[in-house]
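The block underneath contains the structure these notes are about, expressed in structure tokens.
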Amino acid sequence: MESRFLGIGELVEAPTVAVVVDVMRAFTVAAWGFARGAEKIVLAESLDEALSLKARHPDWLALKDGPPAPGFDAVNSPGLLRSTDLGGRTVVQKTTAGTVGALAVKEASLVLCAGFVVAEATAEVLRTRECDSVTFVVTGEEGHADEDLACAQYIARRTTEAGTDAAEFLRRAGKSRAAAELAEGVRQGVHPDDVALCLELDRFPFAMVATLEDSLMVLRPHAVGGVTTLPRGTPRGR
């Protein structure tokens with residue numbers, strides 16, 4: 001499998017297969033959202049769009065980066081979200097990097113959103129689809145966030161080398177700038193357990209697939225070997 005690792009700004013055309021990585025914290029939060037019962041997650045292009053969607057669908061839950069804000073129900077923190085009952089709910093998520101990266105590749109045939117918590121399930125989808133070429137979108141720090149790059153490289157290696165050890169990749173992520181900022185309280189809307197939760201390897205047994213549904217980019221869980229399936233008509237990676 002040929003792997004490319006690009007920042008959002010380096011994307012010049014839609015890849016066939018894209019894995020969008022945001023470890024700290026968008027797609028760790030998304031995974032926790034599904035684990036807490038969310039049916040789907042709508043990836044919003046802006047805070048205004050998130051609030052507009054919430055206004056049209058009052059039963060939806062809106063989530064954003066940073067501190068709490070009027071109109072939003074939650075912040076982008078796995079530690080804070082893990083105690084929230086989301087059974088059957090739709091979540092609207094807008095973050096600084098992760099949702100932006102997913103929307104940047106919305107025309108791809110297959111879009112997976114990932115962090116360490118769903119790494120093996122993501123690799124399994126790539127193996128099953130027999131993808132020859134995969135573009136990993138490293139969303140943080142204009143493509144230089146080491147926690148995202150480490151996770152992307154780990155998933156790429158696991159796709160082709162089942163014996164790859166995660167230890168060094170997790171060490172790099174734990175020493176990243178994002179991890180330090182979360183641990184030191186530089187960022188707002190943070191729980192003390194956020195870094196540890198973001199570094200839990202394979203916490204969840206599902207991958208996360210994003211597709212366009214009625215012009216919205218919608219993220220859903222894909223249980224590897226389970227009943228949840230990829231969208232019909234999704235072409236094989238090439």
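Say we look at the stretch 106-120 and pick out the residues that are surrounded by fewer than 24 Cβ atoms within 10 Å (Cβ to Cβ) and within 14 Å of the chain's Cα centre (by Cα); which of these is farthest from Met217 (Cα to Cα)?
That would be Glu120.
Which strands (runs of 3 or more DSSP E) does the stretch 19-135 wholly contain that include 2 or more residues that are at pLDDT 95 or above and touching a Lys or Arg at 6+ places or on another chain (Cβ under 9 Å)?
Because the criterion is at least 2 residues that are at pLDDT 95 or above and touching a Lys or Arg at 6+ places or on another chain (Cβ under 9 Å), the strands (runs of 3 or more DSSP E) in the stretch 19-135 that meet it are 40-43, 61-64, 90-94.
Going by the structure shown, is Lys40 closer than 29 Å to Ala121 by Cβ, surrounded by 24 or more Cβ atoms within 10 Å (Cβ to Cβ) and charged (D, E, K, R)?
In short, no.
Out of the stretch 191-207, which residues are within 16 Å of Asp22 (Cα to Cα) and assigned to a loop (DSSP other than H, G, I, E, B)?
Leu199, Glu200, Leu201, Asp202, Arg203, Phe204
For residues that are assigned to a loop (DSSP other than H, G, I, E, B) and not aliphatic (A, V, I, L, M), scanning just the stretch 1-18, find the one that is surrounded by the fewest Cβ atoms within 10 Å (Cβ to Cβ).
Restricting to residues being assigned to a loop (DSSP other than H, G, I, E, B) and not aliphatic (A, V, I, L, M), the top hit is Glu13.
If we scan the stretch 128-143, do we find a residue that is touching a His at 6+ places or on another chain (Cβ under 8 Å) and either of a type in the set (Gly, Ala, Ser) or surrounded by fewer than 24 Cβ atoms within 10 Å (Cβ to Cβ) (or both)?
no
Can you tell me which residues in the stretch 157-190 are more than 16 Å from Ala119 (Cβ to Cβ) and part of a helix (DSSP H, G or I)?
Arg177, Ala178, Ala179, Ala180, Glu181, Leu182, Ala183
When you look at Ala50, is it farther than 24 Å from Thr135 by Cβ and surrounded by 16 or more Cβ atoms within 10 Å (Cβ to Cβ), yes or no?
Taking the combined requirement at face value, the residue satisfies it.
Tell me, yes or no, whether the stretch 218-229 has at least one residue that is at pLDDT 95 or above, over 14 Å from the mean Cα position of the chain (by Cα) and either surrounded by fewer than 20 Cβ atoms within 10 Å (Cβ to Cβ) or not in a loop (DSSP other than H, G, I, E, B) (or both).
Looking for residues that are at pLDDT 95 or above, over 14 Å from the mean Cα position of the chain (by Cα) and either surrounded by fewer than 20 Cβ atoms within 10 Å (Cβ to Cβ) or not in a loop (DSSP other than H, G, I, E, B) (or both), one finds none in the stretch 218-229, hence no.
If you go through the stretch 62-71 one residue at a time, do you hit one that is out of contact with any Leu (no Cβ under 8 Å at 6 or more places or on another chain) and farther than 23 Å from Ala178 by Cα?
Yes.
The values are calculated or read from the model by the stated rules, or taken from the named source; none is laboratory data. What you are looking at is a predicted structure, and each value in this text was computed from that prediction instead of being measured. Because the Cβ atoms are built from the backbone with ideal geometry, glycine has one as well, and the counts that use them run over all protein chains shown.
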